[in-house]
Amino acid sequence: MFDPLKGEIIYIDKPLHWTSFDAVKRIRGTLTRRLKVKKLKVGHAGTLDPLATGVMIICTGKATKRIDELQAGVKEYIATIALGATTPSFDLETEIDATYPTDHITKELVEETLTRFTGEIEQVPPAFSACKVDGKRAYKMARKGQEVELKAKLLVIDEIELLEYSPTSIVVRVVCSKGTYIRALARDIGQALNSGGHLTALRRTRVGNISIDQCMAVEQAIDMLQNAEVVMPQNDNE
């Protein structure tokens, strides 16, 4: 029996261009209609940017109390980084603002550079992020053209592996701690290569013990929720 009020955990593969809130809203809407309730607690463990896809853990009812525990798990990503150009957001949300030569970049140089990003590192979050500055979201300030100063945070990169290489683009697998911005990592790798860099694709393949092959497409999840045998609420106080 599926009991959304007592608490269930759903693993989905977040689609490209969806916000994390879009996914939560879709699941919540399906469940409130199915349960015939006006309100239901639904949340997610770990935000994914709209331009990223992959593992998203969604909790319902009393399982939302486990969100902090679940999002604290180690995360794995597959990231595509364009070299030779930068953007203000460190990804494709904004236009290229500067270009740099890449003739000096070799596979050996990339592999050597990546070793500098394993272990404990300090990372300055992107200005286009949900971090708060004086109580305001940094991305709201950045989109208005306001100056945003964020402090470096201590993070842990457990593994970083080069999967594909060209002088203008690399694909890396990253295993890292909570709070790591892969966009900022793309920026820092580009700077270390003296070429600039920005993220062009990102897929989260694991959160804690949950891997992408355990996740459902959103439409599969909706179909499951609409057809599963559910425990109906005794009242609508939840």
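Can you tell me, using C-alpha contacts under 8 Å and at least 6 residues apart, the relative contact order of the chain as a whole percent?
30 percent
Under 21 Å Cα-Cα from K25, which lysines qualify once same-chain neighbours fewer than 8 residues away are excluded?
K6, K14, K36, K38, K39, K41, K62, K65
Cα extents of the chain along the three principal axes, largest first, in whole Å?
Here the Cα extents, ordered largest to smallest, are 67, 38, 29 Å.
For region 48-68 and region 104-119, compute the distance between their C-alpha centroids and round to whole Å.
Each part's Cα centre sits 33 Å from the other's.
Please quote Rg/Rh for region 75-207 to two decimal places, taking the Kirkwood radius as Rh and restricting both calculations to Cα atoms.
0.96
Mind checking the dipole of region 75-207: about its Cα centre, +1 per Lys or Arg Cβ, -1 per Asp or Glu Cβ, Debye to the nearest 20?
Dipole of region 75-207, to the nearest 20 debye: 800 debye.
Working out 0.36 nm times the residue gap between E219 and R66, then minus their Cα-Cα distance, what length gain in nm do you get to one decimal?
52.6 nm
Taking the Cβ-Cβ separation of K144 and M232 as r and a Förster radius of 35 Å, what is the calculated FRET efficiency to the nearest 0.05? Could the numbers behind the result be given before it?
Values: r = 47 Å, r/R0 = 1.34.
Step by step, r from the Cβ atoms, then E = 0.15.
Rg(Cα) of region 46-88 divided by 2.2 N^0.38 Å?
For region 46-88, the normalised Cα radius of gyration is 1.60.
Net charge near A201, counting Lys/Arg +1 and Asp/Glu -1 over other residues with Cβ under 12 Å of its Cβ?
0
Determine the shape class of region 140-210: with a ≥ b ≥ c the square roots of the Cα gyration tensor eigenvalues, call it rounded for a/c under 1.5, and otherwise prolate if a/b is greater than b/c, oblate otherwise.
Working: a/c = 1.87, a/b = 1.22, b/c = 1.53.
Taking the square roots of the gyration eigenvalues as a ≥ b ≥ c, region 140-210 is oblate.
Would you please classify the overall shape of region 1-48 from the alpha carbon gyration tensor, given that a ≥ b ≥ c denote the square roots of the eigenvalues, rounded means a/c under 1.5, and beyond that prolate means a/b larger than b/c while oblate covers the rest?
prolate
Please give the length that would be gained between K153 and V74 if that part of the chain were fully extended, namely 0.36 nm times their separation in residues minus their C-alpha to C-alpha distance (nm, one decimal).
Length difference between fully extended and current span is 26.8 nm.
Calculate the spin-label point distance for E164 paired with F21, positioning each point 7 Å from the Cα along the beta-carbon direction, and give it in nanometres.
In this crude spin-label approximation the distance works out to 3.3 nm.
Amide H to amide H under 5 Å from V231: which residues, 5+ apart in sequence or cross-chain, H placed 1.01 Å off N in plane?
So V231 has HN proximity to F2, D3.
When ranked by the protection proxy of mean other Cβ atoms within 10 Å per residue, highest first, what sequence do the peptides 112-121, 203-212 form?
203-212, 112-121
Every number in this text was worked out from the coordinates using simple rules, so none of it is lab data. Since this is a predicted model, take the numbers as computed values, not measurements. Positions of Cβ are generated from backbone atoms using ideal geometry, with glycine treated the same way; all protein chains shown enter the neighbour counts.
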